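One structure is given here, and the rest of the page talks about it.
FYI, it's all coordinate maths here, none of it is from the lab. Worth saying up front: this structure is predicted, and the values here are computed from it rather than measured. Glycine also receives a Cβ, built like all others from the backbone with ideal geometry; neighbour counts cover every protein chain displayed.
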Amino acid sequence: MSIIEIKNLEKIYNENTDIPVHAVNNVNLSFEKGEFAAIVGPSGCGKTTLLNLIGGLDSPTSGMISIDGVDINTLSQSKLTNFRMDNIGFVFQAYNLIPVLTAKENVEFIMHLQGASKKDRDKRAEELLQAVGIDDKANVRPGKLSGGQQQRVAVARALASKPKFILADEPTANLDSKSTETLLSIMERLNKEENITFIFSTHDQRVVNKAHRLIKLEDGKVIGDERVIK
Amino acid sequence: MEIIKLAWRNIWRNKRRTLITASSIMFAIIFGVSMRSVQLGTYDRMIDSAVRQYSGFIQLQDTAYWKEKTIDDLMPDSLALRKRIAQIDGVVNVLPRLESFALISSGNKTKGAMLQGINPQLDNQMTQIANKVVKGKFLSQDDDGLLVSQGLAAYLNINVGDTIVLLSQGYHGVTAADVFPVRGIVKIPNPKLDRILLIASLPKTQDFYGATGMLTSMVVNIKERSLLHQILPQVKKIVKGSNLTALSWTEMNAELKQQIDADNGSGQIMLGILYIVVFFGILGTIIMMTAERRKEFGVMVALGMQKWYLSLIVFVETIFLAFLGVALGALVSFGIVSYFYNSPIHIGGEMADIYEQFGIEPILAFSHDISIFLNQFLIVFILLLIAVIYPLVKILTFNLIDALRA
Ligand SMILES: Nc1ncnc2c1ncn2[C@@H]1O[C@H](COP(=O)(O)OP(=O)(O)OP(=O)(O)O)[C@@H](O)[C@H]1O
Ligand SMILES: [Mg+2]
């Protein structure tokens, strides 16, 4: 069974004006556990909008998204917030770590919200920081980390709650090529060894090359969906 | 999450702003506390000099006496009545008095004075007048001499051991004239009274005015001013139906009461303005703290933090901010107030004259009543609760996508 099921998804901005924007246009997609999928397409084609809809951050104009059988658009604001916390990991283009918390505290952040014990938090945060190779900076605040290091902490943070999948909107767009490579190899390894599901958008050809599945968007429509045999 | 940790770190993200905001609260508290302390301290002292040292908080008089204050409207002394009133809870004792005007002559000078006949021992329990004898000695119970206030004594050049002549109109038209040996010179704190007061024993005064067994008033000496509203109705009940009336200090010192109320009101208006300014300072900081973290709030909610929880963090931040200001303000103002409480400032020059006009010692007295502090804290806390509404509403209503895009 797919973990994400998207049916007839539409998002129209400025619907009731002279210039409505059809940012997502009749999208039908499904994602399986363990995917490493890239959403690609020119700027303004609707990648961010689509990822925000899947992540339950935005609500569609019409259509349905179900995650593990739950139609997320039927959830109340506060239920949806809890649903995101427990099921979805987010990695943002601009890292968006909480500046007053150290790397480790950032990783623990969601576990705190989930009410995990101190012992569990400690153990998991340490494991995850190690997994992204940043355990030596555990007690450093984001302001003192490079962009690549921050994004690795962000990946660790996204994994902390043991989500069903991770959504990453252009995770490497702010990174230099070396950091991009490091981050990608970490994501690939997590995907291969831990069977973590990644869905990310990108402009970057090197990132595209690593994807196992390529979803091409144009003007909000899916114009291609191919699996790459690795 | 450890709300406390997050909130505490957040307020230190912009050290300077936090310090400026906390200092504005601190200075408001310092100013507010000091000002109220001086005001209330001054009122206490005003009331103390005017009331405790002279009229007392409650007086019983013949109903007709208060208006005309003539020696003809006297009331009979009654030990039974005095005893009955003295039994009321909070009443220390009841002081019989007979007072009226008299002309005093010494050498070739003559002056109008007020002769107050008292029970020296009882009266002293309220007025502590014996401590104010600067020369000579205090009166014995049925002394036939008198005490002369210092100002009057200086004017007439009177000394202990001198004999003075008093002239007046007595009870029911008799002529009052007698000689009194001067037993002592007494310094009356109220400068107005210090220029006119003569104090003699009650029997001698009654004798002088030809009013044996008669009084102008009974002063009900109560433990504390705060007990007045309890005791006054009971006294009134006792004299109901007789031709005696019970007056409170606010009636007997209406001018003083008005003066205090007016000053108190203007002080509160000033404080109000001060706190409005402080309020907008706090509000400005809170608005900035909220606006610049829009995206961060969006991220937190995206990751799974409930909006109410986020509101709580911001609320705690605001509390911290205010607490910093209040704590510093409390510390400094407590220091100031307790210093000046123990060593009040003596005022000189024109201010001193103004004080004297109202019959008060020219001293800037501080009150260290705890409620002064608590009131200021309460005001800051309430202002804070109002100011925090803005970010709370902002957080509870923000659009997640817009916030993330910021
Ligand atoms: N809040 C909004 N209001 C109106 N139009 C919007 C809004 N958000 C996005 N759009 C429009 O929707 C379309 C899709 O935008 P989106 O950000 O999803 O594209 P994208 O593929 O992520 O672009 P990029 O590669 O530049 O990040 C664009 O035409 C954009 O202008
Ligand atoms: Mg985008």
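Using each residue's phi in the stretch B:326-335, evaluate 6.51 cos²θ - 1.76 cosθ + 1.60 at θ = phi - 60° and report the 3J(HN,Hα) Karplus result to the nearest Hz, with x for Gly and Pro.
Each residue of the stretch B:326-335 in turn: 5, 5, 4, x, 5, 4, 5, 5, 5, x Hz.
Limiting things to C-alpha atoms, what are the Rg and the maximum Cα-Cα separation (Dmax) for the stretch B:235-338, in angstroms?
Computed over the Cα atoms of the stretch B:235-338, radius of gyration and Dmax are 25.8, 82 Å.
Using alpha-carbon pairs under 8 Å, 6+ residues apart, how would you state the relative contact order of chain A in percent?
Value for chain A: 29 percent.
Looking at chain B, send over the antiparallel percent of its DSSP beta bridges, to the nearest 5.
Around 85 percent of the beta bridges assigned by DSSP in chain B are antiparallel ones.
Taking the square root of 5 times each eigenvalue of the Cα gyration tensor, what semi-axes in Å does the equivalent ellipsoid of chain A have, largest first?
29, 20, 17
Quick check: the angle from helix A:177-194's long axis to the longest principal axis of chain A, C-alpha only, nearest 10 degrees?
The angle comes out at about 90 degrees.
Cut-off is 10 Å between beta-carbons; in what order do A:112, B:229 appear when sorted fewest neighbours first?
B:229, A:112
Taking every DSSP beta bridge that has both residues in the protein assembly as shown, what percent is antiparallel when rounded to the nearest 5?
Details: 65 of 91 bridges.
Antiparallel bridges: around 70 percent, rounded to the nearest 5.
What do the square roots of 5 times the Cα gyration tensor eigenvalues come to for the stretch A:23-62, in whole Å, largest first, as semi-axes of the equivalent ellipsoid?
Computed over the stretch A:23-62, the values are 17, 14, 10 Å.
So for B:370, A:134, fewest C-beta neighbours within 10 Å to most, what's the order?
Listing B:370, A:134 from fewest to most nearby Cβ atoms yields B:370, A:134.
Run the helix sum for the protein assembly as shown: -39,500 (n - 2.57) per DSSP H stretch of 4+ residues, divided by residue count, reported at 222 nm to the nearest 500 deg cm²/dmol. Provide the component values of the computation, followed by the final result.
Numbers: 24 runs with 306 residues, N = 636.
Roughly -15000 deg cm²/dmol at 222 nm, from the helical runs in the protein assembly as shown.
For Cα pairs less than 8 Å apart in space and 6+ apart in sequence, what is the mean separation divided by the residue count of chain B, i.e. the relative contact order in percent?
On the way: 661 pairs, mean separation 111.4, N = 406.
Relative contact order comes out at 27 percent.
If you filter the stretch B:190-299 for GluC sites (Glu not before Pro), then keep DSSP loop positions with at most 12 other Cβ within 10 Å, what is left?
Loop-located and lightly packed - B:224, B:292.
Take the alpha-carbon centre of the stretch B:184-224, take the same for the stretch B:5-49, and report the distance between them in whole Å.
Between the Cα centres of the stretch B:184-224 and the stretch B:5-49 lies a distance of 46 Å.
Can you tell me how the stretch A:1-81 classifies by the Cα gyration tensor, rounded, prolate or oblate, using a/c under 1.5 as the rounded cut?
Values: a/c = 2.06, a/b = 1.28, b/c = 1.61.
Cα axes put the stretch A:1-81 in the oblate bin.
Rounded, prolate or oblate, given the Cα gyration tensor of the stretch B:83-138, with a/c below 1.5 counting as rounded?
On the way: a/c = 4.36, a/b = 1.96, b/c = 2.23.
Oblate.
Once you sort the root eigenvalues of the Cα gyration tensor of the stretch B:75-174 as a ≥ b ≥ c, which label holds: rounded (a/c under 1.5), prolate (a/b larger than b/c) or oblate (the other case)?
Judged from the Cα gyration tensor, the stretch B:75-174 comes out oblate (a/c at least 1.5, b/c at or above a/b).
Taking the DSSP beta bridges in the stretch B:142-189 as the whole, what percent of them are antiparallel, to the nearest 5?
Beta bridges within the stretch B:142-189, antiparallel portion: roughly 65 percent.
For the protein assembly as shown, what Kirkwood radius comes out of the mean inverse Cα-Cα distance, in Å?
Roughly 31.7 Å, rounded to one decimal.
May I ask you to sort A:98, B:199, A:12 by Cβ crowding, counting other Cβ atoms within 10 Å and putting the fewest first? Don't jump to the answer; show the numbers that get you there.
Values: A:98 21, B:199 27, A:12 16.
In order of increasing Cβ crowding within 10 Å: A:12, A:98, B:199.
Counting Lys +1, Arg +1, Asp -1, Glu -1, what net charge surrounds residue A:95 among other residues with beta carbon under 11 Å of its beta carbon? Working shown, then result.
Working: positive: A:152, A:157; negative: none.
After counting each charged neighbour, the total is +2.
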